[in-house]
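Okay, so here's the structure we're looking at.
The values are calculated or read from the model by the stated rules, or taken from the named source; none is laboratory data. Quantities reported herein were computed from a predicted structural model and do not represent experimental measurements. Here the Cβ is made from the backbone with ideal geometry for all residues, glycine too, and neighbour counts use every protein chain on show.
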Amino acid sequence: MDIQHLVDRLEDLIDEGRHVPFSKFTLIDEERALEIIDQMRISVPEQIEKASRLINQRDRLLAQANEEATRVVQIARERSEELVQRDAILQTAQNRAKNIIEQARREAETIRADADTYVLEVLKELEGQLIRNLTVARNGMAKIMEERESSQARMQAVYEEAESEITAVVQELAEAAVQPEPSQPGQSGPTGA
């Protein structure tokens, strides 16, 4: 799967999340976020494999260019030898052979330089994309962790407040149960008349 598509899905997930009022936090589906991050982890090696294929393609192009240059040089040598033997015009044959060899060398260098330039451009683009995607993934993970910690802190505060209120109510009830009831006027005690 394309890493850019995964980054877009992560961004959509954050946009779809519920905003926590009076805060900068957004609640998102943690399971979906982790699933997208796992897919990113799988996709990054695919991008690296793609780069490796490009390098292999470059190597094949270079090998072909070298073979072609060798073949052209060999043909030039054979032609130059034929010209020397057939026409006995040594100087002309040597000059022609040198020109063919030089042209083959220039063509091979041009092919090699073009292949190198192409591969470098593709790898630079891939590097930039990977850096952008890694930054987005790290920011997303940091945001999720920050929201999780904030949520846990809020839950702890609610728990502590509830516990404090319950303790106060229990204490009031205990104090009320321990205090004797006030005697009412006009009633005699157990030793009454």
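Quick grid of which residues meet (1) surrounded by 14 or more Cβ atoms within 10 Å (Cβ to Cβ); (2) modelled with pLDDT of 90 or more; (3) outside any loop (DSSP other than H, G, I, E, B); (4) in contact with a Phe, Trp or Tyr (Cβ under 7 Å, 6 or more places away or on another chain):
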| position | (1), (2), (3), (4) |
| --- | --- |
| 95 | no, no, yes, no |
| 108 | yes, no, yes, no |
| 153 | no, no, yes, no |
| 168 | no, no, yes, no |
| 173 | no, no, yes, no |
| 182 | no, no, no, no |
| 191 | no, no, no, no |
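Can you name the residue in the stretch 118-151 that is closer than 22 Å to residue 15 by Cα and among the hydroxyl-bearing types (Ser, Thr, Tyr) and is also surrounded by the fewest Cβ atoms within 10 Å (Cβ to Cβ) among such residues?
135
Show the residue pairs that are 6+ apart or on different chains and have beta-carbon atoms under 6 Å apart, the first residue being within the stretch 116-129 and within 16 Å of residue 3 (Cβ to Cβ), the second being of a type outside the set (Val, Ile, Thr) and in a helix (DSSP H, G or I).
Within 6 Å, the pairs are 122/54; 123/51; 126/51.
What are the pairs with Cβ atoms under 6 angstrom where one residue, in the stretch 45-59, is farther than 17 Å from residue 129 by Cα and the other, located anywhere, is surrounded by 12 or more Cβ atoms within 10 Å (Cβ to Cβ)? Sequence gap at least six, or different chains.
58/115; 58/119
Take the conditions within 30 Å of residue 19 (Cβ to Cβ) and acidic (Asp, Glu) and apply them to residue 161. Does it pass?
yes
Which one is farthest from residue 154 (Cα to Cα) among residues in the stretch 15-71 that are of a type in the set (S, T, N, Q), out of contact with any Leu (no Cβ under 9 Å at 6 or more places or on another chain) and in a helix (DSSP H, G or I)?
70
Conditions (1) modelled with pLDDT of 85 or more; (2) under 30 Å from residue 127 (Cβ atoms); (3) within 15 Å of the chain's Cα centre (by Cα); (4) of a type in the set (Ser, Thr, Tyr), marked per residue:
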{"position": "6", "(1), (2), (3), (4)": "no, yes, yes, no"}
{"position": "51", "(1), (2), (3), (4)": "no, yes, no, no"}
{"position": "67", "(1), (2), (3), (4)": "yes, no, no, no"}
{"position": "70", "(1), (2), (3), (4)": "yes, no, no, yes"}
{"position": "80", "(1), (2), (3), (4)": "no, no, no, yes"}
{"position": "83", "(1), (2), (3), (4)": "no, no, no, no"}
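Does residue 41 meet the test of being surrounded by fewer than 12 Cβ atoms within 10 Å (Cβ to Cβ) and either farther than 22 Å from residue 101 by Cα or modelled with pLDDT of 85 or more (or both)?
It is true that residue 41 is surrounded by fewer than 12 Cβ atoms within 10 Å (Cβ to Cβ) and either farther than 22 Å from residue 101 by Cα or modelled with pLDDT of 85 or more (or both).
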